[in-house]
Structure formats: C-alpha cells, structure tokens
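Visitor: This is the structure I have questions about; it appears just below.
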Amino acid sequence: MKQFGSLQVQHHLQLAAASSYGWLRATPSDGHSETSVDKRWDSLAFNPVKTDYIYVMKSCKDGSFSNGGLRHYGNIEISPSAAVLNYGQGIIENLKAYKNKNGSIILFRVEENGLRMRVGADRMCMPAPTIEQFVEAVTSTVSANERWIPPSNKGFLHVRPLLMGNGPVLSLTPAPEFIFLIYVTPVRNYFEGGLKPINVVVENDIHRATLGGVGNIKAIGNYAGIMKAQAKAKANGFSDVLYLDSIHNRYLEEVSTANVFVVKDNTISTPVLGGTILPGITRKSIIEIAHSQGFKVEERLVPVEELFDADEVFCCGNAVCVLPVGSITLNGKRVDYGESGFVVSQQLHSALANIQMGLIEDKMGWTTLLN
C-alpha cells in the first residue's frame with residue numbers, strides 16, 4: 001500500500017487553487033449540508049450526483065498539460081465544432097475511492113488508469129497528462145470531495161476522468177486543444193444483500209468491436225454503438241449482453257462494460273487480449289489473485305459452446321467488481337449456473353473487494369492510502 005500524506009494532499013489542493021485559471025478551492029455547495037449528505041446513503045443508485053468539485057486541465061500548444069485546478073461542480077464551455085462532438089475524439093476512465101474504518105481514503109491501482117489513458121490517447125491522436133499528473137489530479141479531486149464518499153457498506157465514490165478534443169475543427173483532423181476533466185459521484189454497491197447473479201443473452205448480430213478498431217481502449221464511441229442491443233436485451237428481461245467476435249461470430253469477447261470469465265474445474269478462462277478486448281484493470285487484478293489462490297488461468301479464444309459445459313461464469317469491471325452470471329441464453333437455449341453456489345465468483349470477489357476497501361492487508365501493493 002502506498003501512502004499519500006495529508007500535507008501532500010493539501011499541497012496539491014493549494015497548487016490547484018493557485019492555477020492560472022484563477023480557481024479557488026470552493027466551499028461545499030449550498031444545499032449540500034453534511035446532514036443532507038448523510039441521509040442520501042440509503043437512497044444511492046448508479047446515477048450522477050452533483051458533488052462539490054471537478055478538476056479541469058487544458059493542453060498547451062506543445063501537447064503538454066499544465067495549470068490544472070479545482071472548480072465548483074458545474075457545466076463547462078465547449079465549442080460547437082469541438083472534435084469530441086463532431087468526430088468522437090475522446091476517451092474515459094473509471095476508478096473508485098473507498099473510505100476505510102479509520103477514515104482514510106483508499107484508491108485502487110490509480111497509476112494503471114493513468115497509463116491506460118495514455119495508451120488510449122496515443123491511439124486517438126491525443127496528448128495526455130503524465131501518469132504523475134493523472135494521479136495528482138485524481139487525488140486532489142477525491143480529497144476535495146471527501147464528504148461524498150459513502151461508508152464502505154453503502155457504496156463508493158465513482159471517479160470519472162475524461163480526455164476530449166475541445167478545439168474547433170471542421171475537417172477530419174485532431175483537435176488543436178484538449179481538456180482533461182475529472183468528476184466524481186457517490187454510487188451504491190452492486191452487492192447489497194449479497195451477490196446477485198445476472199441473466200445474460202448472447203448477441204449474434206451487433207458486435208462491440210472489430211479488429212483494427214478501438215475496442216481495446218476506452219474510446220467514448222465504443223458505448224453508444226451497443227446501446228441498441230442492450231436496450232433490446234433489457235426489454236426481454238435480461239440483465240446484460242454478451243458479445244461475440246466480429247469475424248467468426250463464435251468466440252466470447254465482453255459483456256457490455258465488463259470482461260468475462262468462464263470457470264471449469266480448477267481452470268478459469270478469459271478471452272485473450274487481441275485488439276478488441278479492453279485490458280481491464282479489474283480483469284488484470286482478478287487474474288493475479290486467481291493465480292495466487294492456485295487456479296490455472298488461461299487467456300485464450302473461448303468458444304461460445306464452452307458456456308454450456310461451464311461450472312460458473314462471471315464478469316468483472318470497476319463498478320461491479322466481480323459479478324456472477326446466473327444464466328446465459330444463446331439462440332433461445334438457456335443454461336443456468338449456481339448449483340455450486342458461485343463459490344469461485346464469491347471467493348474472488350471477496351479477495352478483491354477486501355483489498356479495495358482496506359479490510360485486509362494489501363500484500364499486492366495495489367492501493368494508495370490518503371491519510
């Protein structure tokens with residue numbers, strides 16, 4: 001576990017407040033008293049909540065980023081001809097913050113998110129903040145919104161960094177200016193009352209990604225294209241959609257916003273990263289934990305037929321952590337799981353969540369503690 005001391009946090013807040021934008025560290029928004037915040041924990045959902053601060057930093061002409069700062073939560077100015085609006089030049093990241101029993105804030109593998117943003121930015125012809133700038137910006141934003149972090153048994157603070165082309169363009173060309181922005185919102189845990197398996201349908205017509213595309217980064221355009229399939233699935237009573245590869249229409253790729261794993265005996269298989277699969281940070285962590293617990297982990301092409309012989313299937317991602325799949329339907333044929341009680345899913349979920357929430361010692365060195 002890495003520690004980020006209170007003096008260091010305050011230093012970053014002071015730097016942000018002294019930026020050339022002239023933004024001062026705001027006071028909590030009117031109408032958001034501590035009492036009203038406390039009362040909201042029981043009614044949290046997975047919807048945006050207006051918190052106190054956002055973080056904004058713009059690129060310089062040489063592509064570097066500087067003079068970032070905190071400002072009151074609110075709308076931002078953007079050009080009607082911005083590249084992000086006209087050509088989708090933008091990427092997002094997702095991470096979360098918990099508060100442990102001692103009141104310290106815990107961030108999980110934040111450097112990995114900073115690195116993934118840089119990789120995605122390079123693919124999208126965008127400059128990006130350094131990993132150090134990314135970590136400092138996340139730390140400042142989370143610390144400034146500390147009162148919005150729910151108790152760990154109620155939820156967590158969802159952290160959403162964005163990088164987008166804001167400079168005006170008309171032809172298909174990279175933007176001349178970019179904005180790095182972070183906002184946060186408290187959300188409920190997905191597992192109130194225990195793990196709740198989801199029912200998934202396999203999609204045969206719509207594909208999430210293609211070879212040579214941007215399925216392996218968090219490009220903003222990756223998600224709108226699958227909303228139709230997801231809406232249809234939910235209208236038919238399913239929780240989510242499992243997508244297949246676009247060439248053979250046979251091999252597993254991802255659930256809408258999560259990686260997928262298939263369990264058979266002591267072997268856990270997951271689709272190999274090959275240009276269409278997002279290299280999820282939760283995915284990476286689950287693979288490392290599974291290895292440490294004695295499981296054999298295979299990253300390979302996983303034929304859809306293997307779903308009918310699996311002991312368990314689960315998906316994982318930043319928001320859901322590890323989520324067991326209760327059933328999968330393919331061409332009208334349904335297979336149900338759970339006879340074993342989702343033992344593997346439960347075991348991996350507990351191992352990861354306990355690290356993220358600071359309930360056990362972080363022997364992996366994945367967490368950053370804000371004192």
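The values are calculated or read from the model by the stated rules, or taken from the named source; none is laboratory data. Please read all numbers here as calculations on a predicted model, not as lab measurements. Accessible surface areas use protein heavy atoms only, side chains included; no ligands, DNA or RNA. Shrake-Rupley method; radii C 1.70, N 1.55, O 1.52, S 1.80 Å.
Visitor: Using only the Cα atoms of the chain, what semi-axes does the equivalent ellipsoid have when each is the square root of 5 times a gyration tensor eigenvalue? Give whole Å, largest first.
Guide: Square roots of five times the eigenvalues give 34, 26, 19 Å.
Visitor: Let me ask something additional. Multiply the residue gap between Glu339 and Glu288 by 0.36 nm, knock off their C-alpha separation, and tell me the result in nm, one decimal place.
Guide: Gain in length upon complete extension: 15.8 nm.
Visitor: Roughly how many whole Å is it from the C-alpha centroid of segment 42-121 to that of segment 254-308?
Guide: For segment 42-121 versus segment 254-308, the Cα centre distance is 28 Å.
Visitor: If you don't mind, there's one more thing I want to ask. Keeping all protein chains in place and using 1.4 angstrom, which order do Glu339, Glu77 fall into by accessible surface area, from largest down?
Guide: Glu339, Glu77
Visitor: Right, another one. Taking only protein heavy atoms into account and a 1.4 Å probe, give the accessible area per residue of the chain in Å².
Guide: 45 Å²
Visitor: In angstroms, what radius of gyration and Dmax does segment 203-339 have, counting Cα atoms only?
Guide: Computed over the Cα atoms of segment 203-339, radius of gyration and Dmax are 14.1, 40 Å.
Visitor: Counting only protein heavy atoms and using a 1.4 Å probe, what share of the accessible area of the chain belongs to carbon plus sulfur, as a whole percent? Walk me through the numbers on the way to the answer.
Guide: Details: 8540 of 16530 Å².
Roughly 52 percent of what the probe reaches on the chain is carbon or sulfur.
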